[in-house]
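These notes concern the structure reproduced below.
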Amino acid sequence: MEYADIKWVEGQPYSEKFGDVYYSASDGLSETEHVFIQQNNLIERFKQADRFIIAEAGFGTGLNFIATCRQWLEHASHDSVLSYVGIEKHPVSPLDIRRVSDRWAELTPLYTQLLTRYPPVIAGSHLIKLFNGRVQLNLEFLDIDEALKGCRFKADVWFLDGFNPAQNTDMWNDVLIDKIAQHSKVGTSLSTYTAAGHVRRRLEDAGFEVKKVKGHARKREMITAAFVRESQYKIELPWYEIPQQSCNDKTAIIVGAGIAGLTTALAMINKGWQVTLIDRHDEVAQEASGNPAGVLLPRMNLGDELEQQFFVNAFLFATSQLDDLQKQSSVDFWHKTGVCSQELKEKAEKILSSYRTSQGFVCEGEGALGDEVAQEYMILKYASAGWVNIDVLCREIYKMIEKRISYIRSNINSLNRVEERWQVSDENSILASASVVVLAAGQSIADFELTSWLPVKSIRGQMTAVEPTEKSKKISSALSFGRFVTPQHNGVHYIGASYDTDDMSPELSELSQTENLKKLQDQLPDVFVKPDKLTGRVGFRSVSEDRMPVVGLVPEKEWFLKQYADLRHGRRTTKYLPARSYDGLYLNGAHGSRGLTSCFISAELLLSIIEGTPYPMSADAVNALNPSRFLIRRLKRDQKMTA
Ligand code: SAM
């Protein structure tokens, strides 16, 4: 993916590719205010909104977005959230955006916030939280067709701003207007500066009541429209359909107080939920999330584009969340030292070539101490990556939310649906009830009757702590080489972590420590001194059968097995009913070794499903995390399900 090639003509951004300007040459901002803000009556609607969804076809320089944010921040209540889906196939570079921002002094502070979070030019969904969480931008660097594929939200407003329809037939096609209709509800409004007859007719056919009104400045006419039908999404994979949730009140129980549970609790509390956090320990982060160090790095699986895209987008979001959290805390836990990752040369070259245009994301690096790298390897440097004291991070998140949640120490063992609420109990009594339950307790997410079929297991990981030496103190970035080593911090380097599939012992083991130290010695010969005793910590990562996290609703297993029993015969998908799951019962687990990377975005995914707002990732990624995938794969292979 590359930045749009913008020509500046008399101070205005112009696209040669499309032969059109990004906004009116006379006054872009007043055009935006007329066409998009006034014609959709946004100021009045913002005053009454609890949450509001705007989708824009053609995000461009972000002028419509920023002008809308300005009105939102001024008129909407402080605890309401604007979700803005900005779809853009040819992202405008930060330099060009800065030039636009300089043109309107009143918008510059808002643009500055956008620019600090503006993602590198990498295809996919980028979730960006702005203005203290009052605006959530889903920036889709994708063709509009791809961006709307399979996603599930109904916009309150559509902005159609995709260059002149005559010059951009790719975007202004019939399929697009049908998709816009699918993502609209009765009362959705739409506006566009064009008044082209075929656009008007197609909108009418798709269920909009269209009006021509006076255009901006010298433009005679433009279109506004209101959606007047009930619309249905086009269902492609019925077994991954996510039914609309009916959360009567904003109450949730989260089971598990590790990084997955805490990031979920934080995201929910920030959106006004009342949360009860339940864990079997007195304090948070007592299991895998109690590790003193973990590396934040995307998992680059070149054999699986979807997985790679998920981890890159998750990584970018996690770094921005960690930046925010670190700013709010006086204790250091986020060490943005960059990470140098050693890869086989062939893989490294492919990664560099895929991200050639986004140098800031990954570039060629050098050995940790400027040393030679073995011929078959190459070092990749991820400058915005780093390492985290996970235990400290968890405790800091807990401190931030402590006063607003209830914490119950208990080992829950049953979940019951009673009068549209979930009751959770331990062996003695009912502990709490709520409309939503999120199971975020590592491999224990499969400890319940309704989830016991989930293919998750735990894998032991032992970290080793070593003292710095004169040589090792020069290591400034974290290194990843199958294991990882952090730069020294408070007089310790952490080496992590072993991957012991056959060992379930919680005690430190000589064998794992020797293995960690051997890998370190192979990587950085004679830099460290072997500790004379066992040091470090043991944790158990939970992993799923396909190594992807398990995030989403709990499917109704028996119903699945019956309805989709003949899936392996390859009947048309339209023959099947959409999936059924337990209303309000969610999973967020199996984050494996990359939980730091995947937890933040997974928490946002859950919230978007619960609240019916746009997903923070592509629909394909949502499916790849969907717990139903295990049932579907087995049915396709016709394997017997064992609990
Ligand atoms: N709203 C923008 C702003 O505030 O600066 C101006 C948008 S400009 C008129 C049109 C935008 O649509 C361009 O940025 C262009 O790259 C984008 N675009 C064109 N075809 C597209 C497609 N098929 N999918 C997504 N975006 C597309």
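The values are calculated or read from the model by the stated rules, or taken from the named source; none is laboratory data. Everything numeric here is computed off the predicted structure, so don't read it as measured data. So basically every Cβ, Gly included, is an ideal-geometry build from the backbone, and we count neighbours across all protein chains shown. Just the protein is used for accessible areas: all its heavy atoms, side chains included, with ligands, DNA and RNA removed. Shrake-Rupley method; radii C 1.70, N 1.55, O 1.52, S 1.80 Å.
Can you name every residue in region 23-47 that is without any contact (Cβ under 8 Å) to a residue 60 or more places away in the chain and either within 10 Å of the ligand (Cβ to nearest atom) or over 16 Å from HIS75 (Cα atoms) (or both)?
Here is the first cut: in region 23-47, the residues without any contact (Cβ under 8 Å) to a residue 60 or more places away in the chain are 23, 25, 32-33, 37-38, 43-44, 46-47.
If the condition is that a residue be without any contact (Cβ under 8 Å) to a residue 60 or more places away in the chain and either within 10 Å of the ligand (Cβ to nearest atom) or over 16 Å from HIS75 (Cα atoms) (or both), then TYR23, ALA25, THR32 are the ones that fit.
The condition (being open to solvent by 10 Å² or more (accessible area, probe 1.4 Å) and in a strand (DSSP E or B)) is satisfied by just one residue among TYR84, TYR14: TYR14. The helices (runs of 4 or more DSSP H) falling completely within region 539-643 that include 2 or more residues that are touching a Gly at 6+ places or on another chain (Cβ under 7 Å) map to 595-611, 619-625.
LEU508 meets each of the listed conditions (1) under 30 Å from ARG634 (Cβ atoms); (2) at pLDDT 95 or above; (3) open to solvent by 30 Å² or more (accessible area, probe 1.4 Å) apart from (1).
Using the structure shown, decide if LEU73 is within 15 Å of GLN12 (Cα to Cα), open to solvent by 10 Å² or more (accessible area, probe 1.4 Å) and at pLDDT 95 or above.
Working: within 15 Å of GLN12 (Cα to Cα): no; open to solvent by 10 Å² or more (accessible area, probe 1.4 Å): yes; at pLDDT 95 or above: yes.
Taking the combined requirement at face value, the residue does not satisfy it.
Of the listed requirements (1) in contact with a Gly (Cβ under 7 Å, 6 or more places away or on another chain); (2) closer than 15 Å to ALA383 by Cα; (3) not aromatic (Phe, Trp, Tyr), SER358 misses just one: (1).
Between GLY584, GLY552, GLY536, GLY592, the distinction of being open to solvent by 40 Å² or more (accessible area, probe 1.4 Å), at positive phi and not assigned by TED's automatic domain parsing to the domain that holds GLY124 belongs to GLY536 only.
Yes or no, residue by residue, for (1) among the basic types (Lys, Arg); (2) over 20 Å from PRO13 (Cβ atoms); (3) touching a Phe, Trp or Tyr at 6+ places or on another chain (Cβ under 9 Å):
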site	(1), (2), (3)
ILE97	no, no, yes
GLU106	no, no, no
LEU114	no, no, yes
ALA123	no, yes, yes
ASN138	no, yes, yes
ASP145	no, yes, no
ARG152	yes, yes, yes
TRP158	no, yes, yes
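State whether one or more residues within region 48-57 are on the phi < 0 side of the Ramachandran plot, open to solvent by 40 Å² or more (accessible area, probe 1.4 Å) and within 15 Å of the ligand (Cβ to nearest atom). Steps first, please.
Residues of region 48-57 on the phi < 0 side of the Ramachandran plot: 48-57.
The next check asks that each one be open to solvent by 40 Å² or more (accessible area, probe 1.4 Å); those that pass are 48, 50-51.
If we keep only those that are within 15 Å of the ligand (Cβ to nearest atom) as well, we get none.
No, region 48-57 contains no residue that is on the phi < 0 side of the Ramachandran plot, open to solvent by 40 Å² or more (accessible area, probe 1.4 Å) and within 15 Å of the ligand (Cβ to nearest atom).
Would region 378-390 turn up any residue that is within 30 Å of GLU449 (Cβ to Cβ) and open to solvent by 30 Å² or more (accessible area, probe 1.4 Å)? So far as region 378-390 goes, no, none of its residues is within 30 Å of GLU449 (Cβ to Cβ) and open to solvent by 30 Å² or more (accessible area, probe 1.4 Å).
The set of residues from region 129-185 being within 11 Å of the ligand (Cβ to nearest atom), open to solvent by less than 10 Å² (accessible area, probe 1.4 Å), farther than 19 Å from GLY62 by Cα and assigned to a loop (DSSP other than H, G, I, E, B) comprises just one member, PRO165. Against the definition (within 13 Å of the ligand (Cβ to nearest atom) and within 32 Å of the chain's Cα centre (by Cα)), how does ASP20 come out, yes or no? Answer is no for this residue. In region 87-108, the residues that are free of Cβ contacts under 8 Å to residues at least 24 places away in the same chain and open to solvent by less than 80 Å² (accessible area, probe 1.4 Å) reach residues that are of a type outside the set (S, T, N, Q) and away from the ligand (no atom under 13 Å from the Cβ) with C-beta atoms within less than 7 angstrom, at least six apart or across chains, in these pairs: ARG98/LEU115; THR108/ASP102.
Taking the criterion of being buried (at least 17 other Cβ atoms within 10 Å of the Cβ) and part of a helix (DSSP H, G or I), the residues of region 114-126 that qualify are LEU114, ARG117. Close Cβ contacts (under 6 Å, 6 or more residues apart or on different chains) running from residues in region 172-200 that are over 20 Å from GLY612 (Cα atoms) to residues that are polar (S, T, N, Q) and open to solvent by 50 Å² or more (accessible area, probe 1.4 Å) comprise SER191/GLN39.
Please determine whether any residue of region 334-355 is of a type outside the set (D, E, K, R), under 19 Å from VAL388 (Cβ atoms) and touching a helix residue (DSSP H, G or I) at 6+ places or on another chain (Cβ under 8 Å). Steps first, answer last, please.
Keep residues of region 334-355 that are of a type outside the set (D, E, K, R), which gives 334-335, 337-342, 344, 348, 351-355.
With under 19 Å from VAL388 (Cβ atoms) added as a condition, the list becomes 334-335, 337-341.
Retained after the next criterion (residues that are touching a helix residue (DSSP H, G or I) at 6+ places or on another chain (Cβ under 8 Å)): 334.
Yes, region 334-355 contains a residue that is of a type outside the set (D, E, K, R), under 19 Å from VAL388 (Cβ atoms) and touching a helix residue (DSSP H, G or I) at 6+ places or on another chain (Cβ under 8 Å).
Confirm whether ALA348 is open to solvent by less than 30 Å² (accessible area, probe 1.4 Å) and part of a helix (DSSP H, G or I).
Working: open to solvent by less than 30 Å² (accessible area, probe 1.4 Å): yes; part of a helix (DSSP H, G or I): yes.
Spelling it out, ALA348 is indeed open to solvent by less than 30 Å² (accessible area, probe 1.4 Å) and part of a helix (DSSP H, G or I).
All conditions but one from (1) part of a helix (DSSP H, G or I); (2) at pLDDT 95 or above; (3) open to solvent by 60 Å² or more (accessible area, probe 1.4 Å) apply to SER353; the one that does not is (2).
Going by the conditions given, is SER452 closer than 17 Å to VAL543 by Cα and surrounded by fewer than 20 Cβ atoms within 10 Å (Cβ to Cβ)? Judged against the criteria, SER452 is a match.
Exactly one of these conditions fails for THR276: (1) within 30 Å of LYS575 (Cβ to Cβ); (2) under 33 Å from the mean Cα position of the chain (by Cα). Give me its number. Condition not satisfied by THR276: (1).
Report whether or not HIS78 is assigned to a loop (DSSP other than H, G, I, E, B), open to solvent by 10 Å² or more (accessible area, probe 1.4 Å) and within 11 Å of the ligand (Cβ to nearest atom). Judged against the criteria, HIS78 is not a match.
Among the residues of region 397-412, are any more than 16 Å from GLY256 (Cβ to Cβ), open to solvent by 50 Å² or more (accessible area, probe 1.4 Å) and assigned to a strand (DSSP E or B)? The answer is no; no qualifying residue exists. Test SER189 against the stated conditions and say whether it is assigned to a strand (DSSP E or B), more than 27 Å from the chain's Cα centre (by Cα), of a type in the set (S, T, N, Q) and modelled with pLDDT of 90 or more. Answer is yes for this residue. Condition (residue is within 25 Å of ARG45 (Cβ to Cβ), of a type outside the set (Lys, Arg) and either crowded, with 17+ Cβ neighbours inside 10 Å or within 10 Å of the ligand (Cβ to nearest atom) (or both)) applied to region 212-220: is it met by at least one residue? Taking every residue of region 212-220 in turn, at least one turns out to be within 25 Å of ARG45 (Cβ to Cβ), of a type outside the set (Lys, Arg) and either crowded, with 17+ Cβ neighbours inside 10 Å or within 10 Å of the ligand (Cβ to nearest atom) (or both). Just one residue in the set GLU402, GLU396, GLU419 is farther than 25 Å from ALA446 by Cβ, over 28 Å from the mean Cα position of the chain (by Cα) and in the same structural domain as SER433 (by TED's automatic domain parsing); that residue is GLU419.
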